[in-house]
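The values are calculated or read from the model by the stated rules, or taken from the named source; none is laboratory data. On a predicted model such as this, the values are computed, not experimentally measured, just so you know. So basically every Cβ, Gly included, is an ideal-geometry build from the backbone, and we count neighbours across all protein chains shown.
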Amino acid sequence: MPLTGPKEMFARAYKEGYAVGAFNVNNMEIVQGIVAAGAEEQSPLILQVSAGARKYAGQPYIVKLIEAALQESDLPIVLHLDHGGDFQICKDCIDGGFTSVMFDGSHLPYEENIAITRQVVEYARPRGVWVEAELGRLAGVEDEVSAEKSIYTDPEQAADFVRRSGCDSLAVAIGTSHGAYKFTGEAKLDFARLEKIGRLLPGFPLVLHGASSVPQEFVAMANQHGGKVGGAKGVPEDLLRKAAGMAVCKINIDTDIRLAMTAHIRKFFTEKPAEFDPRGYLGPARQAVKDMVKHKIRNVLGCSGKA
């Protein structure tokens, strides 16, 4: 089955009140774990590639891994660029076979963000490629994206931005953040702001970045086996499910996958210090990815059986 775009995916998600998971991929085991979970849950999938992943694995390798997954699956799968920092990287991914790209101009002045987003849209649309943009800024660090504090998305500005840029979906800032250290006090999201954005942009798909939940069982496992993941705290899953029932059609998940993999690898080395075959520790890591993604699809995103 060939790659698909998000258009029909998001239209159904918006109508039926769920979200599609966008899972970051960096290597073969992550791709295999995500796709196996999607197959068992019969869920649509968005496999997304950050600038850091492109640098680490190389775009041709990642594309070929996705192509291999498509040969073994009949799921609708989108290949998406996460946090494209300029027009050129978006163009390279469009030319390289991606079906969706994100231009992240959230750090730029408002008018410049609109202008470059519009430039990406004008290149992508004739080629049938979806364009995600971002307005507002998430705190935290993920790959090469970092910010010290959040700037929440202004609803009226969001409506103006979508109209003038022509983007197909919009990532909004309502209290999530990148990385494993999202909250110091009580975790909360600004649902009133999200509701207003949705009201001003009826039928328009919104996106949540920085939406990992940082399961404490994996924090504990990593720390038990030599890690120092202190104070990590994510977005409670009930808040994410509520957002998925509103205008949010895509929820990004990266940190939880990294944490589950690393915890299991640390555990393996503690329990089997004489082992050095990569298949020995990457096998459990792949299973951890699969289990994590199945849980998210079924209990957080609500997209089981929506393939």
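Side notes on the structure shown:
- Residue in segment 40-48 that is out of contact with any helix residue (DSSP H, G or I) (no Cβ under 7 Å at 6 or more places or on another chain) and at negative phi present: yes
- Given (1) under 17 Å from residue 239 (Cα atoms); (2) modelled with pLDDT of 95 or more; (3) of a type outside the set (Val, Ile, Thr); (4) within 20 Å of the chain's Cα centre (by Cα), index of the condition residue 195 fails: (4)
- Residues being outside any helix (DSSP H, G or I), of a type in the set (Gly, Ala, Ser) and crowded, with 16+ Cβ neighbours inside 10 Å - total across segment 43-84: 4
Here is a yes/no grid of residues against (1) in contact (Cβ under 8 Å) with a residue 24 or more places away in the chain; (2) farther than 22 Å from residue 69 by Cα; (3) buried (at least 17 other Cβ atoms within 10 Å of the Cβ); (4) of a type in the set (Val, Ile, Thr):
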site	(1), (2), (3), (4)
266	yes, yes, yes, no
270	yes, yes, no, yes
286	yes, no, yes, no
289	yes, no, yes, yes
292	yes, no, yes, no
298	yes, no, no, no
302	yes, yes, yes, no
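- With respect to the conditions (1) assigned to a helix (DSSP H, G or I); (2) at pLDDT 95 or above, residue 221 lacks only one, and its number is (2).
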